[in-house]
1. Could you rank the peptides 21-28, 761-768, 631-638 by their average count of other C-beta atoms within 10 Å per residue, with the highest value first?
2. Would the range 522-565 count as rounded, prolate or oblate if I go by the C-alpha gyration tensor, calling it rounded below 1.5 in a/c and otherwise prolate when a/b exceeds b/c, oblate otherwise?
3. For every other residue with a beta carbon closer than 10 angstrom to the beta carbon of ARG573, add +1 if it is Lys or Arg and -1 if Asp or Glu, then tell me the sum.
4. Would you mind telling me the antiparallel percentage of the DSSP bridges in the chain, rounded to 5?
5. On a 0 to 90 degree scale, rounded to 10, what angle separates helix 460-475 from the longest Cα axis of the chain?
6. What are the semi-axes of the equivalent ellipsoid for the range 636-727, taken as the square roots of 5 times the Cα gyration tensor eigenvalues, largest first, in whole Å?
7. Given the alpha-carbon gyration tensor of the range 295-404, what are the semi-axes of its equivalent ellipsoid in whole angstrom, ordered largest first, with each equal to the square root of 5 times an eigenvalue?
8. Rounded to two decimals, what is Rg over Rh for the range 246-360 when you use alpha-carbon atoms and the Kirkwood radius?
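Just so it is clear, none of the values below were taken in a lab; they were calculated from the coordinates. Keep in mind that this is a model prediction, so the values were computed, not measured. Note: ideal-geometry Cβ built from the backbone for every residue, glycine included; neighbour counts use all protein chains shown.
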Amino acid sequence: MHSTDLVLRWPAPAAEWTEAAPVGNGRLGAMVFGGGHRARIQLNDSTVWSGTPGGPATALAAVRAAGAGPRRLEEVRAALRSGDQDRAEALLMAFEGPYSQEYLPYADLWLTVSGGERAAYGGRTLNLDTAVAEERFDLDGTAVHRRVWADAVARTLCATMDAAGGTVDLRVELSTPLREVHRSATVRGLTLGVEIPVDGAPAHEPDVAEPLRYADGPVDGYDPFGALALALSTDGQVTVADGSLLVAGASHVLVTLASSTNAARHWRGQPLADRATHLEAAPRTAAHAAFQGAEDLLKAHEADLRGLLGGTALRIGGRRGGTHDVARDILSGNDERLTATVLFQFGRYLLATASRPHAGPPANLQGIWNADLRPAWSSNYTLNINAQMNYWGAEAAGLADCHEPLFDLLDRMATQGSEVARQLYGARGWVAHHNSDPWGWALPVGMGHGNPSWAIWMMGGAWLSQHLWDHYEFTRDLDFLRDRAWPLLSGCAEFLLDWLVDDGTGHLDTLPSTSPENLFLDADGTPRSLTRSSAMDMALTRATFERVLQAADILDLDTPSADEIRAALPRLRPPRISADGRLQEWAEDLPEADPHHRHLSHLSAVYPLGLIDPDTTPGPAEAALRSLDRRGPGAMGWSWAWKIALRARLRDAATARGLLLQASRPLDGDPGADAPVDGSRWGGLLPNLFSTHPPFQIDGNHGFMAALTEMVLQSHTGTLHLLPALPAEWPDGEARDLRCRGGLAVDFAWRGGALTSVTVRRLAGDDAEPVRVRHRDRGVVVRVPARTQVTFDADLRPRGEPVPC
């Protein structure tokens, strides 16, 4: 452990899942409970989802058979134009498919130490710089040290136990909540064969007759099967008993676990395998890791993770490195600066351990950690805020590689979404709606009874596509822009071009349109969802069009869609300001059914899109502040995070800090009881620092990371704006290797609220492009050639010429 490592500590084993420590490698995730006697390690594989590859196409065919399609869409539009909301809603029910699929728990590893119930427990820790969970306890004079980590290099979950001054006896068990169809046990390890449900209904659809449905065999050539294998290396004596392993007289034990699933093969584009192949592959991977030995595994793991996490850091106040008691030092509120520092690194840690290139699908509503067979909202990808928030801070926080699984999902979503666009709307390009899963689900959900305010929303793909542009902006990777981003961005723009309709006065509208997940009141005071050209629709359409034109110019592409976009852009409705000075949520000045609604969809133009900013659009920016004031303070983790980021973009440091203080309080209430979606019950942090709705949703943790970055550094206007929203209560701090648009990285420190030093490095991009740096009322423009750095003093005066970095 390095002296600068940030380590969390809990004095006791976890009694509940919400107290356990998360580790992960992008594919395998584990919640480490700890304990001197019977220690549980709950396991997930990020490829273990219900469903099959053909599920989205089957659902689309059923929706079409129910009457959905371009002709029905024209009937919906005619009903809305005539003011018949009831008929429009009734017609739209035919467009709603069933539901996206569920992310499922996989297994549990149990490590039971004989006599451990009388052990003196010394506490457990989680190192946020190495992703290693550790604990120590004393058993009758024998000092026991246990470590758990998920290794991306060896593709295994690893657990070691070392005893000093004696030996221990241990039982090693594996169990699964899914359908176990194979178990084998030898003195070298255990192997489970598991069938995975082909359909999983979300908990909010209680009337589904069979919520988790298994198949009797392959479905259309796809076998929903996985193998989980455990390999054991020890100096003790091993025997097999009742499908478990008994270890006697051990001073050292290494357990490695590996998984092999057909879903992983399918999403990688590999040929599917029969069950025997999986039952051979998983033990082979686990055994290969065990053969390397604990110390070599740990050394390679730490080098890998430090390479990913180590460059970027943010310290608010004077403390970062060291071991911090979670309840006493972080959740107590006694040191808000340390809490902010920890929340930034914890968000980075969770993304780096949940989302790795070529490992598995992107981070879902719970990252890769879930113990429930019917998790809230299926633990899926909710596209009207939550999936995006998971990745808002990826680039600026130095985790660009972690963004890649999201782009892989976009590829699959666009494949399904192109058929949805064509068959449902008669449109080119591709579309996605409110929910998705790793199978690329792109249909509306709702089963014919979902409120259109969330189920009928055609902008999920448009919002996700902004991440493609963000990745290019930060990395300036032309190959990525040409090969990965352009096909997706241009396809999204083609759908939007066809989705827009002429309103007869020169404007182009989205119709129908909703503002997720809010409702407005009609003239009779009835809550309604459907209208035209919500502020979010217009912002996403404008942002997509502008990005596509910029990409076409950079890539020197002359496409017909670019000409269509140039003609359409001036006809999009601009942001509207209400009579009382607020940024309007809908094209008309309509009263909200819930003025304090948790969603801030109409403010997406401020953050993350950057279309509204105090410097470039001061009027709309002031109106956005008034809208935020009306929405009020906190609700649940992700809503707090969005509000903090918005306040940071609007330079309201004091309110951003106040919201963070609210959001970082411990949850007051039962974490197992799901709160109403109306925001009437606030969330908070769990004992393991997971953010809650409640229930636990990881988007809040990632959102706090992104929002804290925005408070200290912004680059969306083309200027590196340092400390744009720094609270007075955070006078001292340091940032290292934060990333900026333009292929830049920056280090800076401040004391007494003012900069003391700044270094800007060019990692990529155009040598000739000027770099603008700003702090308070000072600004400077310099040239930073590739692979060089420029250092500035406290007044932003360059200290000499650029030097190699």
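1. Numbers: 21-28: 27.0, 761-768: 16.4, 631-638: 23.0.
So the order, starting with the most tightly packed, is 21-28, 631-638, 761-768.
2. Working: a/c = 7.22, a/b = 3.85, b/c = 1.87.
The shape class here is prolate.
3. Working: positive: ARG532, ARG542, ARG571, ARG576; negative: ASP503, ASP509, ASP537.
So the environment of ARG573 carries a net charge of +1.
4. Numbers: 135 of 144 bridges.
Around 95 percent of the beta bridges assigned by DSSP in the chain are antiparallel ones.
5. 70
6. Rounded to whole Å, the semi-axes are 27, 11, 11.
7. Values: eigenvalues 122, 80, 45 Å².
Taking √(5λ) for each eigenvalue gives 25, 20, 15 Å, largest first.
8. Here Rg/Rh amounts to 1.10.
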